[in-house]
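Just below is one structure, and these are the notes that go with it.
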Amino acid sequence: MPVTGVGIVPGGAAGAELVAVTRRGFIPKLVVQLYKATPMFSLLLRHAQRARGGVSQITVPVQGSSYVNFSWSDYSGVFPQPQVLTGAQNAEFNLKLGVVPIPFMGMEALIQSSEVVIPLLKARMADAKTVTLQSISSALYTNNSAVAGQTQINGLPEAYDDGTNVAAYGNISRSANSFWKSNLITGAGNVLTRSAYIKFLGQLTFLAGGEAPDFGLMSFSDWTALMQDFIQAERIVTGPNAKFDSDNVTNAGFTGLRLGDTPIFPDPFMAKGTSYFFNTKYLALYLSEDAPFAFSGFYSSIPNLQIANIGVLIVALNVVCTKPVSGMQIQGISGGAF
């Protein structure tokens with residue numbers, strides 16, 4: 001409703017008359033208020049792998065035991081009879097389907113054909129993409145293994161679990177295949193300092209056979225607390241006529257933290273108290289060639305006795321970790337900044 005009786009607009013009958021005979025001055029932009037940035041999903045999408053048909057659509061042969069045996073010998077060079085050993089099995093993942101139906105009402109098209117400020121169809125189309133990214137980014141940090149039908153993508157809590165919360169991953173049992181277990185730390189406590197947090201990097205590198213993680217994720221609250229520990233050790237050295245920037249302003253802090261040569265970034269979808277370290281070489285988003293955020297086009301609803309059209313945004317994808325031991329999930333972190 002127009003605001004009257006404020007500023008240069010009078011109230012009462014004079015204000016009501018002005019409202020009745022005067023057009024509004026609109027800013028012709030729809031300012032979105034409710035969504036978050038999606039850094040982790042953007043990273044995965046940038047390096048997405050192609051997926052096609054089949055059952056399952058993503059099948060990864062994994063080796064969990066040795067094909068040959070080692071033995072010591074002596075001067076004679078004698079060795080035991082070789083055995084044919086089996087060491088491989090398939091980790092299998094299905095694509096998960098996300099859809100966003102988009103309505104376009106017939107009378108809406110008539111009403112907005114000329115006198116329009118914000119085309120509602122354009123706003124819905126833009127919103128369909130954003131809502132999809134928001135939903136997928138949220139699902140990344142959710143254990144979806146218990147959801148009926150497992151219709152959502154396999155999130156990081158499923159990939160980086162030791163069997164405590166997710167008994168099977170990629171159709172491979174973790175209790176029967178210890179190599180398929182990841183690293184789960186619970187009750188971490190207040191570890192948001194460089195000296196305390198780096199122990200997880202050393203522990204993970206050891207458990208992963210000497211292969212260090214190359215990416216870390218934290219909530220903004222925990223990341224800010226760790227940043228404060230970095231800033232406490234920060235030193236700014238000045239000298240005569242020293243300049244730091246074009247406007248001679250000194251910057252403190254960093255856009256990213258690097259600990260043990262592993263970058264750590266915050267994600268607004270990450271829950272406070274949880275963190276992940278992983279190796280991006282073994283984590284990938286698989287995106288269907290036939291449904292890579294595809295739009296069906298609009299189809300008439302007249303057969304349903306309605307003057308309208310409906311279109312659907314369709315995406316088929318999944319997130320797959322091919323070596324769970326290369327990552328770590330840390331729970332129970334306390335001491336967040338907010």
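Listing for the model above:
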item	result
Lone qualifier among 240, 303 - being more than 18 Å from the chain's Cα centre (by Cα), assigned to a helix (DSSP H, G or I) and without any contact (Cβ under 8 Å) to a residue 12 or more places away in the chain	303
Test: residue in the stretch 289-304 that is of a type in the set (D, E, K, R) and touching a Lys or Arg at 6+ places or on another chain (Cβ under 7 Å)	yes
Residue in the stretch 169-183 that is assigned to a strand (DSSP E or B) and either over 22 Å from the mean Cα position of the chain (by Cα) or among the charged types (D, E, K, R) (or both) present	yes
Any pair with Cβ under 9 angstrom, 6 or more apart, that starts in the stretch 85-106 at a residue that is farther than 26 Å from residue 319 by Cβ and without any contact (Cβ under 8 Å) to a residue 24 or more places away in the chain and ends at one that is of a type outside the set (Ser, Thr, Tyr) and surrounded by fewer than 16 Cβ atoms within 10 Å (Cβ to Cβ)	85/68; 85/69
Residue count, the stretch 194-208 (criterion: part of a loop (DSSP other than H, G, I, E, B) and at pLDDT below 95)	0
Residue list for the stretch 73-91, filter: in a loop (DSSP other than H, G, I, E, B) and within 25 Å of residue 179 (Cβ to Cβ)	80, 82, 83, 84, 85, 86, 87
Any hit, the stretch 68-88, residues being under 18 Å from residue 287 (Cα atoms) and at pLDDT 95 or above	no
Residue 212 more than 19 Å from residue 40 (Cβ to Cβ) and buried (at least 21 other Cβ atoms within 10 Å of the Cβ)	no
Residues satisfying the stated conditions in the stretch 57-90, i.e. of a type in the set (Gly, Ala, Ser), surrounded by fewer than 11 Cβ atoms within 10 Å (Cβ to Cβ) and under 23 Å from residue 169 (Cβ atoms)	66, 88
Leading residue by the ranking (nearest to residue 128 (Cα to Cα)) among those in the stretch 52-72 that are assigned to a loop (DSSP other than H, G, I, E, B) and among the hydrophobic types (A, V, I, L, M, F, W, C)	55
Breaking point among (1) part of a loop (DSSP other than H, G, I, E, B); (2) out of contact with any Asp or Glu (no Cβ under 9 Å at 6 or more places or on another chain); (3) surrounded by 15 or more Cβ atoms within 10 Å (Cβ to Cβ), for residue 146	(3)
Selection within the stretch 1-40 - in contact with a strand residue (DSSP E or B) (Cβ under 9 Å, 6 or more places away or on another chain) and aliphatic (A, V, I, L, M)	3, 18, 19, 40
Counted residues, the stretch 184-209 - those being of a type in the set (Gly, Ala, Ser), touching a Ser or Thr at 6+ places or on another chain (Cβ under 7 Å) and crowded, with 17+ Cβ neighbours inside 10 Å	1
Residue that is surrounded by 12 or more Cβ atoms within 10 Å (Cβ to Cβ), at pLDDT below 95 and of a type in the set (Val, Ile, Thr), where the choices are 136, 118	118
Which numbered condition residue 258 misses (of (1) part of a strand (DSSP E or B); (2) in contact (Cβ under 8 Å) with a residue 12 or more places away in the chain)	(2)
Pairs where the first residue, in the stretch 271-286, is more than 22 Å from residue 316 (Cα to Cα) and at pLDDT 95 or above and the second is assigned to a strand (DSSP E or B) and β-branched (Val, Ile, Thr), C-beta under 7 Å, 6+ apart	273/333; 274/330; 274/333; 275/330; 275/333; 277/262
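The values are calculated or read from the model by the stated rules, or taken from the named source; none is laboratory data. The structure displayed is predicted, hence computed values, not measured ones. Quick reminder, even Gly has a Cβ in these numbers, built from the backbone with ideal geometry, and neighbours come from all protein chains shown.
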